Amino acid sequence: MKTLISFQDIEVTLSGQTLVIANNKIRRELDLSSGAPRTVSLQDAQGMEFANPAKADADLAFIAMYPAGMDPAIPWAVTDISAEKVPESFRDSEHVKVAISMREEVSETEYLREYIIYPGFPAISVRNAIRPKVLPILYWTPRGNLDQDLYRPDIRESRADSILCAEGFLPEKTVSFAGRTDYHDELMKEHKADQEYLNGNLLFCKNSSGAGFLYLQEAPPSGERRDMETCDFRVKDGEIHSCSWGIHPSEIRPGKTFRGYRHDLLVYHSDEERDALLKAFLKKRFSAKPYSVMVNPWGCGHFPQLVSETFLIDEMKAAAEVGATHYQIDDAWQEGGSLAELSSKNRHITEKFWRISQERLNGTFAPIMKAAKEAGILPGLWMAPSFNCEYQDWKAFAERVLELHGEYGFNAFKIDSVMIRTYEAEENLRSLLEYVREKTNGEVYFNLDTTNGQRPGYFLFLEYGNIFLENRYVCHLWGVGYHPEKTLRSLWRLAKYMRPQELQIEVPYAGDINPEFYAQKPWCPPQTYPQDYWAAIAMFANPLLWFAPSTVKPEDRAGIRAVMEIHKTHRDAIFAGEIHPVGQEPDGKAFTGLLSHNAETGKAYLILYREAGAEAEKAELLLPQTRASQWKRIAGSGSVATGETGKIGVTMPRTSYLMLESV
């Protein structure tokens, strides 16, 4: 037996045709005899077996290309195996990477498969690459159903990873996420895993004892992927294929390397452990970006008409008065005109487009930055790279970002109008984000807009920034519109499977409400809830103040600031824990909330909401993630009626919130 690497509790060993990748929490054993890895065992620290060794085929395949072991006349061979320690960076936590190089001899296609394992954590991730000399044999046009007629070989999906479930383990559910949030209020959906073809970024399997494993696909939402296959997972005869390389076969070019999405595999013993491990994994996988209370004035509905040097100087002062930490100058600062020049007129963008407007801003941000510094506000900026040329000009755009960072101190850039329609576009966009983060040693980060287009979504590119989740207006007569009940529901549901620390959650200004828009809506008027309730919805995320603060009444600025100051005072402690939804799912009639629990210290924070339609003034909520039983009020209205380990009883008035910390 040969030890390829030993680092902390990680051991990677090779014995004949058997490769073992393990730490003290997880062990994966791979048979390499077919020329590619085949999982014959997947165990946890207690030796529980999650995989069946009777698995017949290799763990990876590319659509309509011969996989290892399918045909003896088309052999595969392992050409190299290596292992290395990868230090912590903005890209990932410290880990070990194991690389297996393979070659299919007939087509002369080269494959690379990488495994990523962290010290002391029950997860192993994989990602694959392919470098072909030929194209797959299939049609990719749907006309005349040609795309269904010819697959040689008959491999109809690209398989990034696969497991044959051990006896007793069955697929339980998948979880899908909706991008293009301009059109959707249902941002997360859970689906029973009772079909062969399944969609979602997450798939969960479990046995009768509650033990199980999950796959997380670091890929765009299902509805925005480019893969030819229409499923994200395929389940047949107990075998689970985690599909989606993110590479359509029509994009393959001989002699070029194409790298697929990363797929993460975690094992656990209970639903409670599953929920905690998923959050812990996401924290480990994606480094923390600066948190913010960010003003984005686009939400006022007429920002371009307001833009001037004087206006933005006033805005910086007013941003401080609402308790903001950042102010992001949105579309209209640039010389080239509005986003519509790119997104509607399909203008070819040159470097002149991203110069500072002479007409509106005298060609400089200097006086505005001076005002921001005096007000204690950090500047942010909106930009939109050139999707209409697949970001082939990414280097020039990145250099302009670096110029604006160096000259004016912009660290937070909102990236809008993204369309990753092709592999080339995605790789160029990745290069842009990577280059800027690398050149600034992670100082610059991006707010990745997921509101429209074809975008990274909820689990892709999070090493480069956080998520600008929604455009929800109160001022227009169009769009899906803001309502506090809808925003709370979206956050509560996403918090099941995501870290709210990665989300910007909008807080519009009630004074901007257009009553005509809401007159025919089925919801109660949004002003049924006070402005501080709107603000408190974002307390356990990154508040996005979605208005122009200089247009807000002074007394309303003070009210918003009061909530933001509470957020900033407790934010580091809240975000140090993992945030989970508690209570009923928000539906306008719920007693609901969010719980932050720090597993290392035991410290917990709780924010509760009583919606307008909740009839009872008292409620008892289960808190399975924490053992806290004594609570102290921080803010809001109401009181703790009873407190014991794992539950809490509260009394609250309608349309109010109550924020508590454990003592």
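The values are calculated or read from the model by the stated rules, or taken from the named source; none is laboratory data. What you are looking at is a predicted structure, and each value in this text was computed from that prediction instead of being measured. Cβ coordinates were reconstructed from backbone atoms using ideal geometry, including for glycine residues, and neighbour counts include every protein chain displayed.
Observations
Yes/no matrix, rows are residues, columns are (1) under 26 Å from residue 437 (Cα atoms); (2) of a type in the set (D, E, K, R); (3) free of Cβ contacts under 8 Å to residues at least 60 places away in the same chain:
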{"residue": "290", "(1), (2), (3)": "yes, no, no"}
{"residue": "308", "(1), (2), (3)": "no, no, yes"}
{"residue": "315", "(1), (2), (3)": "no, yes, no"}
{"residue": "322", "(1), (2), (3)": "no, no, no"}
{"residue": "330", "(1), (2), (3)": "yes, yes, no"}
{"residue": "334", "(1), (2), (3)": "yes, no, yes"}
{"residue": "337", "(1), (2), (3)": "no, no, yes"}
{"residue": "342", "(1), (2), (3)": "yes, no, no"}
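- Within region 116-172, being aromatic (Phe, Trp, Tyr) and farther than 22 Å from residue 71 by Cβ holds for 118, 121, 140, 169.
- Within region 205-225, the residues that satisfy the criterion of being in contact with a helix residue (DSSP H, G or I) (Cβ under 7 Å, 6 or more places away or on another chain) and crowded, with 18+ Cβ neighbours inside 10 Å are 212, 214.
- Residue within region 626-649 that is under 26 Å from the mean Cα position of the chain (by Cα) and not assigned by TED's automatic domain parsing to the domain that holds residue 186 present: yes
- Scanning region 623-646 for residues that are at pLDDT below 95 and touching a helix residue (DSSP H, G or I) at 6+ places or on another chain (Cβ under 8 Å) yields 624, 625.
- Failed condition for residue 390, given (1) free of Cβ contacts under 8 Å to residues at least 40 places away in the same chain; (2) more than 18 Å from residue 426 (Cβ to Cβ): (2)
- Counted as qualifying within region 583-663 are the strands (runs of 3 or more DSSP E) with 2 or more residues that are more than 30 Å from residue 527 (Cα to Cα), namely 639-644.
- For region 464-487, the count of residues that are out of contact with any Phe, Trp or Tyr (no Cβ under 7 Å at 6 or more places or on another chain) and hydroxyl-bearing (Ser, Thr, Tyr) is at least one.
- Candidates 506, 516, 502 - the one that is in contact with a strand residue (DSSP E or B) (Cβ under 7 Å, 6 or more places away or on another chain), under 30 Å from residue 654 (Cβ atoms) and of a type in the set (Asp, Glu): 506
- Screening region 242-326 for helices (runs of 4 or more DSSP H) wholly inside it with 1 or more residues that are more than 21 Å from the chain's Cα centre (by Cα) and under 24 Å from residue 476 (Cβ atoms) returns the ranges 303-306, 309-321.
- Residue ID - surrounded by the most Cβ atoms within 10 Å (Cβ to Cβ), chosen from residues in region 599-616 that are under 15 Å from residue 585 (Cα atoms) and within 31 Å of the chain's Cα centre (by Cα): 610
- Restricting region 70-117 to residues that are aromatic (Phe, Trp, Tyr) and closer than 16 Å to residue 38 by Cβ, the residue that is surrounded by the most Cβ atoms within 10 Å (Cβ to Cβ): 111
- Cβ-Cβ contacts under 8 Å between residues 6 or more apart (or on different chains), taken from a first residue in region 617-638 that is surrounded by 14 or more Cβ atoms within 10 Å (Cβ to Cβ) to a second residue that is small (Gly, Ala, Ser) and in a loop (DSSP other than H, G, I, E, B), are listed as 623/646; 624/646; 626/602; 626/646; 628/602.
- Residue satisfying all of: in region 104-123; hydroxyl-bearing (Ser, Thr, Tyr) and part of a strand (DSSP E or B); nearest to the chain's Cα centre (by Cα) among these: 115
- Within the option set 67, 87, 72, being free of Cβ contacts under 8 Å to residues at least 12 places away in the same chain and under 32 Å from the mean Cα position of the chain (by Cα) holds for one residue only, 87.
- Of the residues making up region 245-262, those that are small (Gly, Ala, Ser) and farther than 18 Å from residue 148 by Cα are 246, 255, 260.
- Among residues that are more than 27 Å from residue 441 (Cα to Cα), out of contact with any strand residue (DSSP E or B) (no Cβ under 9 Å at 6 or more places or on another chain) and in the same structural domain as residue 315 (by TED's automatic domain parsing), residue 341 is included.
- Meets criteria (surrounded by fewer than 22 Cβ atoms within 10 Å (Cβ to Cβ), under 27 Å from residue 134 (Cα atoms) and in contact (Cβ under 8 Å) with a residue 40 or more places away in the chain) for residue 32: yes
- Failed condition for residue 477, given (1) free of Cβ contacts under 8 Å to residues at least 60 places away in the same chain; (2) buried (at least 24 other Cβ atoms within 10 Å of the Cβ): (2)
- Region 414-424, residues that are under 17 Å from residue 226 (Cα atoms) and either under 17 Å from the mean Cα position of the chain (by Cα) or crowded, with 23+ Cβ neighbours inside 10 Å (or both): 418, 419, 420
- Residues that are surrounded by 14 or more Cβ atoms within 10 Å (Cβ to Cβ), under 24 Å from residue 323 (Cα atoms) and under 26 Å from the mean Cα position of the chain (by Cα) occur in region 382-397; there is at least one.
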